[in-house]
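Structure record follows, encoded as structure tokens.
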């Protein structure tokens, strides 16, 4: 069900409480002023069943939250918490002070819907370009926030696939600028498993559980090897962001047992 954003105000609204706390030149005030008019719930209507009897979160809210999330480099869980307790975030999103707007899993579901319906570029490119035109973000920030598209792309399949795609994104700048680190990784990791063609064909969800577990262990071990050889590389902002993305994926989706074997976290 597509639920439209309810803009009815109350005494406890962040508007009322924060109007004197958040200055006129605040990023969060400008973000709200610029982004809110660009996002309408109707834009996402074809992503949802119009009436299935269940409540839903306004997609315009999830769209704005997604952009703020990646601007601040927050995990889904951290963004959920920010929406509950961070006054600046609440103000930017037009939330009431007592709102608990969504569970962290709703962000992943929204990204999945965006990708399935081809909405990710239609929606976010327009918004990011408007933010850059308004001077709220720098042009080179668009590339960083474009991690939204990367994560949207990797949020759908299995943990194995999202880890493989994150490794692939790290290998690209290594091939161009850090060939020594790449050679060290190549001596221990079969990089033929991390080409664009192979990664995009990944569909471990069709495998039996035992084979999937073996593949998960292998891919996570490869990820740790990659992280080991890139940890001392400094000054490459693109690489650093992609490394942090891989670390976050592992942190949120994988746990190690007492034998050091990787297992998926049941979210």
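Summary table below
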| item | result |
| --- | --- |
| Residue within region 79-96 that is modelled with pLDDT of 85 or more and under 14 Å from the mean Cα position of the chain (by Cα) present | yes |
| Hits in region 208-227 (condition: farther than 16 Å from residue 260 by Cα and more than 23 Å from the chain's Cα centre (by Cα)) | 208, 209, 210, 211, 212 |
| Some residue of region 196-207 being over 25 Å from the mean Cα position of the chain (by Cα), assigned by TED's automatic domain parsing to the domain that holds residue 251, at pLDDT 95 or above and not in a helix (DSSP H, G or I) | no |
| Test: residue 60 is surrounded by fewer than 14 Cβ atoms within 10 Å (Cβ to Cβ), modelled with pLDDT of 75 or more and touching a helix residue (DSSP H, G or I) at 6+ places or on another chain (Cβ under 9 Å) | no |
| Among (1) closer than 29 Å to residue 79 by Cβ; (2) over 23 Å from the mean Cα position of the chain (by Cα); (3) modelled with pLDDT of 90 or more - the single one residue 243 does not satisfy | (2) |
| Condition check for residue 223: at pLDDT 95 or above, within 28 Å of residue 78 (Cβ to Cβ) and assigned to a helix (DSSP H, G or I) | yes |
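The values are calculated or read from the model by the stated rules, or taken from the named source; none is laboratory data. Computed from a predicted model, the values in this text were never measured in an experiment. Heads up, the Cβs are rebuilt from the backbone with ideal geometry, glycines too, and the neighbour counts pull from every protein chain shown.
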